C-alpha cells in the first residue's frame with residue numbers, strides 16, 4: 001500500500017467470488033478503518049441495515065489480533081457506487097490490479113468486518129481484505145444477510161427484516177413477514193413502533209417484542225388456521241390488527257405497563273395468538289371487528305393475571321406458552 005497525493009494505492013488482484021467480481025488486497029488496519037464505515041440500521045428512519053457495533057467484541061478482537069500467531073479471514077467491504085468519484089481500479093496482467101482510494105472519503109462499506117475493525121483505528125497491523133465492486137445497496141445488504149444470518153450475536157430479527165426487504169412480493173411470498181412488518185409500521189396498529197427490528201432506535205425502551213418473535217407467532221397462526229377462509233392478505237391483516245386492539249382494550253393497564261406484565265412478552269404474544277386461531281376456526285367471531293373480539297375476550301379480564309410476579313411468572317419456552325394457552329382456552333371455555 002502506498003500513498004500518492006490524495007490517494008492511497010493498494011496493489012492486489014481481481015477475480016470472481018461466486019458470480020461477483022472482487023478486489024483482494026492487504027492494508028494496515030488503521031487505513032482500512034479510516035476509509036470505511038458501517039451502515040448501521042436505524043429503526044426510526046429506516047436507513048442502514050447493520051446491527052449496532054458491540055464495543056467489547058471489538059476490544060476482544062483487538063487484543064487477540066495483537067498476539068503472536070494470530071490471524072483472521074479477510075475483511076469484507078463494498079466499494080459503494082455513490083462514492084465512485086473517490087475510487088478507481090486499474091487492471092493489470094494475470095489478474096493483478098491496483099485500487100486507488102481517496103484518503104479523505106469513507107467509500108468502503110463494511111459488509112463483514114465492523115466488529116473486527118471497530119477498535120483498530122490506531123493499529124498498523126496488516127490485514128487481508130476483499131471488496132465487492134460497486135454493488136448497489138440491495139446487493140450489499142443481501143451479501144450481509146447471507147454472511148451473517150447464522151452469526152453468533154446477530155439478532156435474527158435483523159436478518160428477518162432484511163429478508164422482508166429483499167423479497168419482491170412480500171405479501172405473496174412471505175405473508176407472515178408482511179403482516180409482522182405492517183403491525184409495526186401502521187399508525188393504526190396497537191403494535192405501532194413496538195416491535196424491535198434489531199437496529200438502533202431512539203425509542204428502544206418502548207419496544208415490546210422482536211420482529212422474529214412476532215413473525216413466528218403469525219406463521220404459526222397461519223398453520224393453525226389452514227383451511228379456514230380468512231380472505232385476502234389485507235383482510236387477514238385487519239383481523240389480526242383488530243384482535244390485538246381488542247386485547248389492548250380488555251387489558252389496558254397490562255398493555256401499557258409492559259415492564260411489569262407478560263402480555264406483550266413471548267409467553268403472552270404466542271399464547272394469545274394461538275387463542276386467536278381458535279376463535280377464528282371456531283367461528284365465534286364472524287365479522288372480525290374490534291368490538292366482536294372485545295366481547296369474546298372480555299371474560300379473560302377477571303380470570304387472567306398477566307403480572308410478571310403472578311401465576312405465569314414461571315412460564316418459559318414452548319412448554320410455558322402451551323400452559324398459558326391452556327389457561328386462556330379454559331377461561332373462554334373452548
* Asked: So what does log10 I(q)/I(0) come out to for segment 20-81 at q = 0.27 Å⁻¹, using the Debye formula with one equal point on every Cα and no solvent?
  -> -1.34
* Asked: What does a probe at residue 259 reach in segment 283-322, counting residues whose amide N is under 18 Å from the point 7 Å along Cα→Cβ?
  -> 307-310
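With the cut-off at 1.5 for a/c, could you classify segment 156-331 from its C-alpha gyration tensor as rounded, prolate or oblate?
On the way: a/c = 1.59, a/b = 1.14, b/c = 1.39.
Oblate, since a/c reaches 1.5 and b/c is not below a/b.
With a 10 Å Cβ neighbour count serving as the proxy for reagent exposure, in which order, fewest first, do 257, 122 appear? Before the final figure, lay out each step's value.
Numbers: 257 14, 122 9.
Going from sparsest to densest Cβ surroundings: 122, 257.
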* Cα radius of gyration and Dmax for the chain (Å) -> 25.0, 79
* Asked: Does anyone have the angle between helix 317-331 and the longest principal axis of the chain? Alpha-carbon axes, 0 to 90°, nearest 10?
  -> 20 degrees
* Please give the contour-minus-distance gain from residue 20 to residue 124: 0.36 nm per residue of separation, less the Cα-Cα distance, rounded to one decimal in nm. => 34.5 nm
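How long is the gain from residue 303 to residue 282 if the chain were fully straight, where each residue apart is worth 0.36 nm and the alpha carbon distance is subtracted? Please report the intermediate quantities before stating the final value.
On the way: separation 21, 0.36 × 21 = 7.56 nm, distance 2.13 nm.
Taking 0.36 nm per residue and subtracting the Cα distance, the gain is 5.4 nm.
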* **Counting DSSP beta bridges with both ends in segment 2-148, the antiparallel % (nearest 5)** => 80 percent
* Across all directions of projection, what mean area in square nanometres is found for the Cα convex hull of segment 2-148? -> 9.5 nm²
* Asked: Ranked from highest to lowest mean number of other Cβ atoms within 10 Å per residue, what is the order of the peptides 260-271, 135-146, 62-73?
  -> 260-271, 135-146, 62-73
* Asked: What nm distance separates the two modelled labels at residue 295 and residue 34, each placed 7 Å from Cα along Cα→Cβ?
  -> 7.2 nm
* Structure fact -> Between the Cα axis of helix 137-148 and the main Cα principal axis of the chain, the angle (0 to 90°, nearest 10) is 80 degrees
* To do: Round to the nearest 10 and give me the degree value, 0 to 90, for the angle of helix 156-166's Cα axis relative to the longest principal axis of the chain.
  => 80 degrees
* Cα→Cβ-extended label distance, 7 Å offset, between residue 100 and residue 88, nm -> 0.4 nm
* Structure fact -> At q = 0.15, 0.19, 0.21, 0.23 Å⁻¹, the log10 of I(q)/I(0) for segment 229-320 from a Debye sum over equal Cα scatterers comes to -0.58, -0.90, -1.05, -1.20
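Could you check what % of the DSSP bridge pairs in the chain are antiparallel, to the nearest 5? Walk me through the numbers before you get to the answer.
Numbers: 33 of 44 bridges.
Rounded to the nearest five, the antiparallel share is 75 percent.
Rounded to the nearest 0.05, what FRET efficiency do residue 166 and residue 229 have when you use their Cβ-Cβ distance and R0 = 41 Å? It would help to have the intermediate numbers written out before the result.
On the way: r = 30 Å, r/R0 = 0.74.
That pair, residue 166 with residue 229, gives E of 0.85.
Every number here is computed from the coordinates shown, using simple stated rules; none is lab data. Since we're looking at a predicted model, the values are computed, not measured. Methodologically, a virtual Cβ is constructed for each residue, glycine included, from the backbone with ideal geometry; neighbour enumeration extends over all protein chains shown.
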